[in-house]
Amino acid sequence: MEIHVVQKGDTLWQLSRRYGVSINDIAGANQLADLNLLIIGQSLVIPTPMQYHIVQPGESLWAIANRYGISLQELVDANRISSPSLIYPGQRLVIPRKRKPTIEANAYIEITGPAGAQIVNQVGEYLTYLSPFSYRAKADGTMVPFNDTELLQATRSNRDAPLMTITNFGEGGFNSELAHAILADTQIQNQLIGNLLNVMKSKGYFGLNIDFEYVLPGDRNLYNQFIERVAGRLHQEGYSVSSALAPKLSDEQKGLLYEAHDYAFHGRVLDFVVLMTYEWGWSGGPPMAVAPINQVRKVLDFAVTQIPRNKIMMGMPLYGYDWTLPYVAGGKWAPTISPQEALRRAMIHRVSIQYDPVAQSPFFYYVDAQGQNHVVWFEDARSVQVKFDTVKQYNLRGVSYWVLGNPFPQNWLLLADNFQIKKYVG
């Protein structure tokens with residue numbers, strides 16, 4: 001896949017000639033609704049038969065080789081370049097293909113029934129795990145029933161390993177007191193573990209993902225003990241056990257979301273962890289990128305000092321937000337939108353897409369029919385490619401998506417272009 005950022009005057013016909021692929025191939029890869037309408041700043045994935053790079057102003061051969069993980073000599077030889085200094089903007093270079101690294105990919109899904117199964121069937125080939133969200137623990141060690149039948153059928157069809165997700169979700173959100181009731185009583189924990197095993201065995205789950213959030217800071221040790229108890233019991237039965245962790249910058253980071261999440265302990269006891277590296281820009285907060293890469297890398301810089309790299313799954317969002325301006329704290333919350341919906345809104349309002357070079361994320365402004373100003377931050381091919389490059393640079397176990405159901409075709413094509421996805425199910 002080649003990524004092309006639409007410039008003024010670009011047409012699909014011109015791009016098909018430039019890259020040597022058909023208009024239908026470009027339109028299909030990007031699921032373009034209108035073949036005659038492109039937006040300046042829109043990023044397109046181009047399914048080229050070979051991998052190319054278009055030289056940008058100021059780029060050097062060394063920088064280009066480093067980007068694609070090849071040697072300078074390999075790049076010179078592939079393009080028969082007599083002098084590395086004699087390249088120019090707009091020149092198309094052949095990038096020799098290297099063997100793709102193998103990673104794992106997880107995705108959470110909230111949509112159940114036939115609709116959820118259809119989504120899994122669309123993207124399941126790109127996943128190692130599927131995590132239906134969620135079974136909800138109750139204060140007595142029982143669980144709220146969860147309709148996962150069709151989702152589990154779809155995982156089997158796509159050779160995805162299903163992870164049972166257990167949460168302390170109750171009364172409209174993650175509940176600190178509910179978590180405490182479970183963590184403070186070993187008998188309740190034993191009851192919960194027994195119920196977990198019964199469901200996992202009867203439904204064919206591959207492993208368990210523990211997503212306890214907003215755990216009271218004073219319950220940190222109790223949470224660690226619970227994690228160890230669950231892992232010990234489930235490992236005996238041959239199940240994998242993982243957890244979801246808030247994006248921390250230090251072990252002493254304050255805040256209800258962070259303090260009880262002990263990176264080092266989870267990294268030592270569990271098979272892997274999902275770092276929830278998203279929601280810097282969130283529905284009720286001020287407009288900004290959902291997963292700015294500069295902030296994501298700060299989390300990773302801390303995480304790799306506490307957790308083995310081969311146990312870290314980096315979180316990635318499949319969504320963005322549309323904020324009404326001016327932003328007012330406590331005011332109207334921004335609705336969640338998919339990357340495809342973001343592009344649709346940019347097209348409707350005929351506005352250009354901008355790109356933040358620090359956050360490495362796209363955004364745009366528009367005015368709605370009522371004259372109200374908006375700003376949209378979302379993900380595109382460029383922003384996910386930067387995240388995939390980060391996974392390679394940090395040598396991580398893989399990626400974990402929140403959440404399926406937000407159409408983003410470019411992500412899956414780029415994921416397959418960058419990595420070989422590990423499958424545990426035959």
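All of the numbers you see were taken from the coordinates with simple rules; none came from a lab. Keep in mind that what you see is a predicted model, and the values were worked out from it rather than measured. Heads up, the Cβs are rebuilt from the backbone with ideal geometry, glycines too, and the neighbour counts pull from every protein chain shown.
Which of the DSSP-defined H helices in the chain satisfy a minimum axial length of 15 Å, computed from C-alpha atoms, and a minimum mean Kyte-Doolittle hydropathy of 0.0?
113-123, 293-306
In whole Hz, with x marking every Gly and Pro, tabulate ³J(HN,Hα) for the range 308-320 from phi via Karplus 6.51 cos²θ - 1.76 cosθ + 1.60, θ = phi - 60°.
In residue order, the calculated couplings are x, 4, 6, 10, 9, 9, 7, x, 9, x, 10, 7, x Hz.
Find how many whole Å separate the alpha carbon centroid of the range 180-202 from the alpha carbon centroid of the range 218-256.
The distance from the Cα centre of the range 218-256 to that of the range 180-202 comes to 15 Å.
Could you give the dipole magnitude of the range 186-298 about its Cα centre, charging the beta-carbon of Lys and Arg +1 and that of Asp and Glu -1, in debye to the nearest 20?
Using Cβ point charges on Lys, Arg, Asp and Glu, the range 186-298 gives about 180 debye.
Go through the range 326-331 residue by residue and turn each phi into a ³J(HN,Hα) via Karplus (6.51, -1.76, 1.60, θ = phi - 60°); whole Hz please, and just put x for glycine and proline.
3J(HN,Hα) across the range 326-331, in whole Hz: x, 5, 10, 4, x, x.
Are there trypsin sites (Lys or Arg not before Pro) in the range 321-385 that DSSP marks as loop and that have at most 15 other Cβ atoms within 10 Å, and which are they?
Lys332, Arg350
How many nm is it between the label spots at Tyr424 and Thr102, if each spot is 7 Å from the Cα in line with the beta carbon?
About 1.4 nm separates the two model spin labels.
Out of all DSSP beta bridges in the chain, what portion is antiparallel? Express it as a percent rounded to 5.
Once the DSSP bridges in the chain are tallied, antiparallel ones form about 45 percent.
Considering the Cα trace of the range 2-94, what is its radius of gyration and what is Dmax, both in angstroms?
So, for the range 2-94, Rg and Dmax equal 14.7, 44 Å respectively.
Under 10 Å, Cα contacts only: if you run a Gaussian network model on the chain, which one of Pro317, Pro287, Pro335 comes out with the highest mean-square fluctuation?
Highest fluctuation of the listed residues: Pro335.
Can you flag which of Lys138/Lys298; Lys8/Lys392; Lys203/Lys387; Lys254/Lys311 are past 30 Å Cα-Cα?
Cα-Cα > 30 Å for Lys138/Lys298; Lys8/Lys392; Lys203/Lys387; rest within.
Report the percentage of all Cα-Cα pairs in the chain whose separation exceeds 43 Å, rounded to a whole percent.
Counting every Cα pair in the chain, those more than 43 Å apart make up 16 percent.
Of Arg17, Arg309, Arg159, which has the largest mean-square fluctuation in a 10 Å C-alpha GNM of the chain?
Arg17
So what is the relative contact order for the chain, in percent, with contacts set as C-alpha pairs under 8 Å and at least six apart?
In percent, rounded to a whole number, it is 17.
Which of these, Phe212, Phe174, Phe133, has the largest mean-square fluctuation under a Gaussian network model of the chain (Cα springs below 10 Å)?
Phe174
Can you give the alpha-carbon Rg of the range 264-336 over 2.2 N^0.38 Å, where N counts its residues?
1.35
Given +1 on the Cβ of Lys and Arg, -1 on the Cβ of Asp and Glu, and no further charges, what dipole in debye does the chain carry about its Cα centre, rounded to the nearest 20?
1120 debye
Roughly how far apart, in whole Å, are the Cα centres of the range 65-81 and the range 102-151?
One Cα centre to the other: 42 Å.
Taking the Cα-to-Cβ direction at Trp62 and at Glu171 and moving 7 Å from each Cα, how far apart do the two end points lie in nm?
6.0 nm
What ranking of Glu177, Glu379 emerges when the number of other C-beta atoms within 10 Å of each C-beta is taken as an exposure proxy, fewest first?
Least crowded to most crowded, the residues run Glu177, Glu379.
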